Amino acid sequence: MIEQSRQEHHQMELVVTHPSGVDELFCPTCGRRILLQWPPDYKKTVLDPGDVNAIHSAGKGGLEMSAPQLVQKPDIFAQDAGVRGANDDTIQLSAQDEYRLVQWEQWLNQMDFDKYWSGSV
């Protein structure tokens, strides 16, 4: 595997937004061409792979797609009274994250896990 720091970085350009909302992107450096359908129904179709070893990025409307990066997140399951991060500061969840957690909690409360564990399903 090639180290990310040694890989070339190519910036893709928007060629056209199709009537379906799918964007066609092109890399002028290596010829890579892709079709992107943005979230929430994200889908990527590679038309021409170009340089498969290069890191490609593109963006639209404040969203940017690029190579994944590993970052260390604060421990949100800390056992003390407040949830603490790496700098010992309390973490505030965004409204969107809090909404997602509420959805999971509601789903978990509705599930009858005993029937799955007993094998009666």
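Restricting attention to the stretch 86-106, the residues that are modelled with pLDDT under 70 and among the basic types (K, R) total 0. So, S66, is that one at pLDDT below 70 and under 30 Å from D97 (Cβ atoms) or not? In short, yes.
The values are calculated or read from the model by the stated rules, or taken from the named source; none is laboratory data. Here the structure is a predicted model, which means the values were calculated and not measured. Neighbour counts run over all protein chains shown; Cβ positions are idealised from the backbone, glycine included.
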